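Each remark here refers to the structure printed beneath this line.
The values are calculated or read from the model by the stated rules, or taken from the named source; none is laboratory data. A quick note: this is a predicted structure, and the numbers were derived from the prediction, not measured. Here the Cβ positions follow ideal geometry from the backbone for every residue, glycine too, while neighbour counts run over all protein chains shown.
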2 protein chains.
Amino acid sequence: MQEAPTRLEVEELQENLRVVQELLGHEKPLARQYLVELRGRLDALHAADIAYVLEALPLEERLVVWDLVKADRDGEILLEVSDAVRETLIASMDSEELVAAAETLEADELADIAADLPASVIEEVVQSLPAEERERLRAALSYPEGSVGALMDFDHVAVRDDVTLEAVTRYLRRMDVLPDHTDQLFVVDREQALKGTLPLARLIVSDLELGVAGIMVHESVKLYPEDRAEDAANAFERYDLVSAPVVDASGRLIGRLTVDAVVDYIRQKSAESQLAEAGLRHEEDVFAPVLDSFKNRWAWLAINLVTAFIASRVIGAFEESIARLVALAALMPIVAGIGGNSGNQTITMIVRALALGQIQGTYWAKLLAKEMGVALLNGVVWGTLLGAIAYAFYGNVALAGVMALAMLLNLVLAATMGVAIPWVRARFGKDPAVGSSVLITACTDSGGFFIFLGLATLFLV
Amino acid sequence: MQEAPTRLEVEELQENLRVVQELLGHEKPLARQYLVELRGRLDALHAADIAYVLEALPLEERLVVWDLVKADRDGEILLEVSDAVRETLIASMDSEELVAAAETLEADELADIAADLPASVIEEVVQSLPAEERERLRAALSYPEGSVGALMDFDHVAVRDDVTLEAVTRYLRRMDVLPDHTDQLFVVDREQALKGTLPLARLIVSDLELGVAGIMVHESVKLYPEDRAEDAANAFERYDLVSAPVVDASGRLIGRLTVDAVVDYIRQKSAESQLAEAGLRHEEDVFAPVLDSFKNRWAWLAINLVTAFIASRVIGAFEESIARLVALAALMPIVAGIGGNSGNQTITMIVRALALGQIQGTYWAKLLAKEMGVALLNGVVWGTLLGAIAYAFYGNVALAGVMALAMLLNLVLAATMGVAIPWVRARFGKDPAVGSSVLITACTDSGGFFIFLGLATLFLV
């Protein structure tokens, strides 16, 4: 096993970044002494830590650092950086450099960054691969994003079920180095069909005379390349796995999924949903050019513009009422806003429970009843309070009553839509999370204005 | 190693839940035959899968299932369920049952659920613990939530650096079972000071005559119990770790952190931030009583009420202008809404980059300049579009101009606050994520109304 580059402790990571930035802060072009110091520092870093430094630098400084990194590490670093930063690095490299970098990667790794590489580079690399690796790359590229197939690797150690532990141990000794995250060996028969697993911890404490079949674990989780990565991640979490075998439809071992890929996946999904909720399409390089950022953000703003425009038209329909009682204009955003917040609370909780598989067919009605209960309670509490406030400011009992009633009704609308939107989307097999916040806010905005101004028109003006 | 209960494959998990719900769906009280079948099914499940079933059932059905679970599994299942569901289960148990359940847990596990147990139960359990475990429990309870100390366990295997691999192997054979997630042994000297680690994968492929000191890995990540769990999780992700030693200030080995605890932590943090963004204080049991849900949600609604009220007062200050030109009432929510969305995009991206440690002192100005650029571009694009729409509806050039200008200014305000809010919070050592969305929306709502109505008052009425 090769000694890994220094792994930084928690405080060292920030300190390292600070020093790099200080070195880069000198007059450009950097004097030779600083370049030498910088290069020495980078050489000692783990690839993931170089990736961390690259992500934290503005474009110009980033490329200075990138040029100093030893070419034979380019591949592993490209794997570690975020998609947005990878693009900027790849854009700075010529075909030859890209081919050299790609050739240092294994098939499953290559598949991970293939989308960012020019087709000509991929082609050249594929030509240079041995047949088995080429087949693996083809397989890895064929699985859709978000599937187990797209996350798995091919670095497992398989042993036959009809040999002794002694033979297994001899076989392992000949390997010199076991692949990372080998916590268990996969046991297969003559046809490569998975029979069970042999945890290293069990191998180590067992009598070497025993046969593999006798001590292997039969009940292990196996995955299929078509399984959703999300489900596999849940299985890793539930069963505290470090690795799991991946088999094809006929039960033959074809690869494995390891916990490090699962951790990366979980982190990425969590980041994506956080960004998506705020209306960013992709992870954004913080130092991206203005135009790139604009492209990443405009779609959401356009959607928002449409929903805001609809809400505006609802208000427009009641302009006469507002002209007669201008207090309505000041009070209406409160009704809409609280409804939106309450609806987002409901929908977020339900979308989460759905993602965890916790809501099954028969319980939707129960759920709606509960949310309706919360909405009515909220409606009475906040409606009364807001009615009182409206009365305090405008001294108009009827206005206060309309305010309170509109609040209650909009909260009921928010609860209904908060349950109905995920229910409908789940029914039609759509991801209930996508755009749920926009949809509910659109309903409670337009709905809130309509309810409040409509009631006011009926009872006040 | 004990054969684990069946681990369900991805599809089996949902199917199992469906069958349980069907069994529970029969007339109450359940006939004996269904209870027997249910119990048989539960006995065959992994603790995490029972937890999954419990979380997906309404309270009444949940307690039926909980009563059927074998008492000696209560402890491990309590560990697996969400906080909200754990409370409902604990509330259904008497002291004796709780003590019995708690006694099946190890010190670090007990510490995880101690907050939910009555003090009298904790006390009784502590009395029954051997001195070493009691000390560990005390240590585990002393570390604050979100620290490595709160996540670590004590199940590591330590070996001395002055023995041969032969001796290590003999020692391990005597242990019969290694603790879960033992991918490496920790190498210590006579004083328990950590000297390095010995990966099992390296032990297995090495010549047994060699000494531990000769083949151990020196450069391994070590953690301190005071380290932030977030930083430790980042280290696990960067270096693809399965386990890491935890040492005290004098370098003595006191425990270890394993990847399963890290995965749980990452998942929980991600869930919490998702819930917090929607204004839910805790993870909520989907089937919680109405009053519990109300309590979980009211605080956020109250805050929202305050900000909405402020915005309403801003509008109130311009009632005269609105009365003269009632189109303002219909157009103003668009200006506020787009500003809020754009501000949320900026702040989300910056908060994320801050959490990853990617923004250092000198780059804030660069960041502000970039966001300002995006805001100006957005302002020109959307301002022009909105101005055109306003003109189309109201045929008023001045109104269209005010609309476009207000849009531009509110986007600039959104960008400024989107950078300034996290900057200020980070400066004062606060978590920049907490409430960032409320703050920015409050600014862009009130600010948007003020800018638009103010400009309108100046130029139109």
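Below are the figures for this structure:
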item	result
Residue among B:L385, B:L367 that alone is over 25 Å from B:V438 (Cα atoms), part of a helix (DSSP H, G or I) and not acidic (D, E)	B:L385
Answer residue from the range A:281-306, given it is more than 8 Å from chain B (Cβ to nearest Cβ), out of contact with any Lys or Arg (no Cβ under 7 Å at 6 or more places or on another chain) and part of a helix (DSSP H, G or I) and is farthest from A:S437 (Cα to Cα) among those	A:D292
Subset of the range B:212-234 that is under 20 Å from A:D183 (Cβ atoms) and at pLDDT below 90 - its residue that is nearest to the other protein chains (Cβ to nearest Cβ)	B:V221
Check on B:L377, facing chain A (nearest Cβ under 7 Å), closer than 19 Å to B:A415 by Cα, among the aliphatic types (A, V, I, L, M) and surrounded by fewer than 22 Cβ atoms within 10 Å (Cβ to Cβ)	yes
One residue from A:L63, A:L105 being assigned to a loop (DSSP other than H, G, I, E, B), surrounded by fewer than 22 Cβ atoms within 10 Å (Cβ to Cβ) and not small (G, A, S)	A:L105
Where a residue in the range A:135-154 is closer than 14 Å to A:L223 by Cβ and its partner, wherever it lies, is of a type in the set (S, T, Y) and at pLDDT 90 or above, with Cβ under 7 Å and at least six apart	A:V148/A:Y224; A:G149/A:Y143; A:A150/A:Y143; A:L151/A:Y265; A:D153/A:T258
Of residues in the range A:359-371 being more than 9 Å from chain B (Cβ to nearest Cβ) and surrounded by 15 or more Cβ atoms within 10 Å (Cβ to Cβ), the one modelled with the highest pLDDT	A:L368
Meets criteria (surrounded by 15 or more Cβ atoms within 10 Å (Cβ to Cβ) and closer than 14 Å to B:V246 by Cβ) for B:D183	no
Within the range B:344-358, tally of residues that are part of a helix (DSSP H, G or I) and either at pLDDT 95 or above or not β-branched (V, I, T) (or both)	7
Out of B:L117, B:L89, sole residue that is crowded, with 19+ Cβ neighbours inside 10 Å and either β-branched (V, I, T) or within 17 Å of B:R62 (Cβ to Cβ) (or both)	B:L89
Unique residue being facing chain A (nearest Cβ under 8 Å), surrounded by fewer than 22 Cβ atoms within 10 Å (Cβ to Cβ) and either charged (D, E, K, R) or assigned to a strand (DSSP E or B) (or both) when the list is B:E209, B:E237	B:E237
One residue from A:S220, A:S250 being assigned to a loop (DSSP other than H, G, I, E, B), surrounded by fewer than 22 Cβ atoms within 10 Å (Cβ to Cβ) and touching a Gly at 6+ places or on another chain (Cβ under 7 Å)	A:S220
Residue pairs meeting the criteria (Cβ under 7 Å; at least 6 apart or on separate chains; first closer than 15 Å to B:F450 by Cβ, in the range B:301-322; second surrounded by fewer than 16 Cβ atoms within 10 Å (Cβ to Cβ))	B:S321/B:V461
Any hit, the range A:290-304, residues being out of contact with any helix residue (DSSP H, G or I) (no Cβ under 8 Å at 6 or more places or on another chain), β-branched (V, I, T) and under 26 Å from A:G339 (Cα atoms)	no
Residue in the range A:313-321 that is at the interface with another protein chain (Cβ under 7 Å from one of its Cβ atoms) and surrounded by fewer than 21 Cβ atoms within 10 Å (Cβ to Cβ) present	yes
A:A71 out of contact with any strand residue (DSSP E or B) (no Cβ under 8 Å at 6 or more places or on another chain), buried (at least 20 other Cβ atoms within 10 Å of the Cβ) and touching a residue at least 24 places away in the same chain (Cβ under 8 Å)	no
Criterion (within 11 Å of chain B (Cβ to nearest Cβ), in contact (Cβ under 8 Å) with a residue 12 or more places away in the chain, under 27 Å from B:P199 (Cα atoms) and exposed (fewer than 15 other Cβ atoms within 10 Å of the Cβ)) met by exactly one of A:V177, A:V168	A:V177
